[in-house]
Structure formats: C-alpha cells, structure tokens
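In what follows, a single structure is set out as structure tokens and then discussed.
Bear in mind that the values in this text are calculations on the coordinates, not laboratory data. None of the values given here were measured: they were computed from a predicted structure. Neighbour counts run over all protein chains shown; Cβ positions are idealised from the backbone, glycine included.
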Amino acid sequence: MSGKTIRESWDANAARWIDVAREGRMPSRAVTSPAILNAAAALAPDRVLDLGCGEGWLARALTEKTGARVTGIDTSAALIKAAHTEDPENDYRVLAYEDAAADPARLGGPYDLAIANFALFDEDLTPVLRAIAQTLTPQGRLLIQTLHPSLLDPQEDGWRTEKWDRFAGEGWTDMPLYLRTMEGWQAVLAAAGFKLEETIEPRDSDGAPLSIIFAASI
Ligand SMILES: C[S@@+](CC[C@H](N)C(=O)[O-])C[C@H]1O[C@@H](n2cnc3c(N)ncnc32)[C@H](O)[C@@H]1O
C-alpha cells in the first residue's frame, strides 16, 4: 500500500464526510442505514460499541430508537469531535483499531453488541476483532455491514483505492481500502474466534445487493 494511510485520508476527508453523511448524499444509504439500524435494534442491546463510528449517526439513531448507551470509537479526531458535539450523552473516543487491539481495556465495556458500519477496511483485522470479542458479554453479538463481496472486481482480497468519483471536483483525498471476498470475511471472523450466525443482504429496488451484514457471536 502506498500513499496516505487510512487514518490520514479520513482526517483529510472528515469535513466533507460529515456533510455527506448528514445531508444524505449517498443514495445507497437510504437502504443500508435502516438495514444496520434495524438489525441492531432487533437485538435490544443495552450497551453498544460502534467501531469506526465516524460522525456518529448510527450511535445517535440507535440511542433514539432503543435507549441503548453507545460508545463510539474512531481514528479521526475531527469525526469524534463532530459526534460528541451532536450527541454529548453518548461516549465518543479517539481510538484507532490497532491501539484498541494493543490495549483492549481502552474499549470499555462489557458490551451486548459491537457494530461496524462500513468501517473495517484494514488488512489485518484479526487483532481488533479479538479485542472486541473480549469486550462482549457471553451472549454478545457483532454486526458488520460492508461492501457486498459480489461487487469486488477482481474477485480477490486486496487493497483498492476509493477515488470518490461520485464527488468528483469536490477535493476529496483518495483513500486506501482493503476489501474482502466472502471467504476472506469468513476467515477473519473465524481467526478472531467469532461464529458467523447469519448474513443479511440489503438490496436496491432492482434486487441487486448493495451490502452485506454479518451477524456473529463468540
Ligand atoms: C465509511 S466511514 C463510516 C463511518 C460510520 N460508521 C458511518 O456509518 O457513517 C469509516 C470510518 O471508519 C474509521 N476508521 C477506519 N479505519 C480505522 C481504524 N484503523 N481505526 C479506527 N477507525 C477507523 C474512519 O475514520 C471512518 O470514520
């Protein structure tokens, strides 16, 4: 991987991302956001960890819908500041996955549910997923929403570059993403000690998959 790291590119794009998320400028989110929110709410969690929470929409929505208390972590200080400003009641922490993996106590907990909405784009996810497993209650669940593996071209795990074509001319910084096949996701979940319980496949109005949600237990 060359160029900016994931952390550097999210810092560079933070202000633009806050606008996009809050102004609903990604049409697919009209489907994928209710999908992850409903999947999380159906588990009726009391305490939730939101990994890569960004500007915090999911934490806010989940608290509003279920009353859950949410801890959101993100590597971007600008995004955590925006989340906290909008929602001072929940707990938002500047924390990169690699730092959480090195010291899982920094995640807090225990949690009934950990969620990651389009937020796991590092190559080596096993350490942070192992740390998450340690923070979950015995009945705890992990929900990961990510790009549907069928949309990968080529069909193999590897680094890609998000060039933000849909926002061309707006000054976005290219961002590295490590994308996984179905087998890649199954392997990383298993390596971290998770059992895949269910997959949900949100689709557009033509029936084409927009994303996949993995529901896993420990
Ligand atoms: C596409 S955004 C999604 C944000 C939010 N989950 C949402 O649904 O709007 C991905 C987020 O993951 C965070 N992220 C990516 N890699 C990270 C890492 N290694 N440690 C912590 N946060 C990370 C980014 O800073 C960014 O806020």
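Numbers for the structure displayed
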| quantity | calculated |
| --- | --- |
| Loop trypsin sites (Lys or Arg not before Pro), the stretch 1-92, which have at most 14 other Cβ atoms in a 10 Å radius of their Cβ (DSSP) | Arg25 |
| Net +/- balance of residues flanking Arg69 in space, Cβ distance below 14 Å, scoring K and R +1, D and E -1 | -3 |
| ³J(HN,Hα), Karplus 6.51/-1.76/1.60, whole Hz, each residue of the stretch 65-73, x for Gly, Pro | 7, 10, x, 4, 8, 10, 9, x, 10 |
| Vicinal HN-Hα couplings computed from phi for the stretch 116-123 (Karplus, 6.51 cos²θ - 1.76 cosθ + 1.60; Hz; Gly/Pro x) | 9, 9, 6, 9, 10, 10, 8, 5 |
| Other-chain or far-sequence residues with amide H under 5 Å of Tyr92's (modelled H) | Gly72 |
| Fraction in percent of alpha-carbon pairs per bin - 10 Å, the stretch 21-77 | 23, 54, 23, 0 |
| Principal axes of the stretch 54-169: Cα extent on each, largest first, Å | 40, 34, 26 |
| Rounded to the nearest 20 debye, dipole of the chain from Cβ charges on Lys, Arg, Asp, Glu | 320 |
| Loop sites in the stretch 131-184: trypsin sites (Lys or Arg not before Pro), DSSP, at most 14 other Cβ within 10 Å | Lys163 |
| Evaluated over the stretch 1-123, the Cα radius of gyration and Dmax, each in Å | 13.9, 42 |
| Considering only the stretch 1-123, percent of DSSP beta bridges that pair antiparallel, nearest 5 | 0 |
| Per-residue HN-Hα couplings for the stretch 104-110 [Karplus 6.51, -1.76, 1.60; θ = phi - 60°; Hz; x = Gly/Pro] | x, 4, 5, 7, x, x, x |
| Within the chain, percent of DSSP bridges classed antiparallel, to nearest 5 | 50 |
| Two-decimal ratio, the chain, of alpha-carbon radius of gyration to 2.2 N^0.38 Å | 0.95 |
| Cα-centred dipole magnitude for the stretch 94-182, charges only on beta-carbon of K, R (+1) and D, E (-1), debye, nearest 20 | 340 |
| Net charge of Cβ neighbours under 15 Å - reference Ala35; Lys, Arg +1; Asp, Glu -1 | 0 |
| Whole-number percent relative contact order across the stretch 6-217, with pairs defined as alpha carbons under 8 Å at least 6 apart | 20 |
| For Leu113, residues with placed amide H under 5 Å, excluding near neighbours | Arg47, Leu49, Arg141 |
| Rg over Rh, two decimals, the stretch 103-218 (C-alpha only, Kirkwood Rh) | 1.00 |
| Net charge contributed by nearby residues that have their C-beta within less than 9 Å of Asp46 (K/R +1, D/E -1) | +1 |
